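Undergrad: The structure follows.
Values in this text are rule-based calculations from the coordinates and carry no lab data. Being a predicted model, the structure only gives us computed values, none of them experimental. Quick reminder, even Gly has a Cβ in these numbers, built from the backbone with ideal geometry, and neighbours come from all protein chains shown.
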Amino acid sequence: MAGHNRGGSGAGFGAVTFVDHVREDGLVVRWESRHHRKHQDAQPAGSTWWAPGARGWWIGVLFAVGSALFALGALPGYVNAVGTRWDSVTFFVGSLFFTSAAFLTYREAVDAAPESQNPDHRRFFVYQPRRIDWWACGVQLVGTVYFNVSTGAAVVANLSAQAANRHVWRPDAVGSVCFLVASLLA
């Protein structure tokens, strides 16, 4: 390659999201981190409605189930029909689906790293601060764990105001900030 140009997010992390390589013949070839990450487990052409062998399919299904449970729990008549405890359980179970999907998204980013950063894809948690996809997925995963804490604590009946602030509202606030930061990075 005769030369290259690196591009990033502008978010201040110095993360590279694409590299343009200029070949000897003058042709510019672009490598993009998102395309590289999303095509790690590329499946042969076929149905996207039923592709349980693809990690991306599971990510979509888990986020969809979590979203459906959150939507169900928020329906006005649902809490009256099942009671506040089961409504809280609905949100907690939905948060577990979200965390499972976020973990698979994080693994997708980790597995897209160069071989030197995660040989044989064996390490679950790695530190790759120069990769914006790693930051976005990692921050999102942390946010979902905070929502697990808050929705799990909300299941407990008769929390004191201090316990509710510490275990429900504070984790909700931190999880929300994590989601906003992850969205900005993505």
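Undergrad: Would you calculate the convex hull of the Cα atoms in the range 102-182 and tell me its volume per residue in Å³? Walk me through the intermediate numbers first.
TA: Working: hull volume 7.0 nm³, N = 81.
Convex hull volume per residue, Cα atoms: 86 Å³.
Undergrad: At 7 Å along Cα-to-Cβ for each site, give me the label-to-label distance between residue 81 and residue 162 in nm.
TA: Each label point lies 7 Å from its Cα, and together they span 4.0 nm.
Undergrad: Which order do peptides 104-114, 79-89, 65-75 fall in by mean Cβ count within 10 Å, highest first? Walk me through the intermediate numbers first.
TA: Details: 104-114: 19.5, 79-89: 14.4, 65-75: 16.0.
Answer by packing, highest mean first, reads 104-114, 65-75, 79-89.
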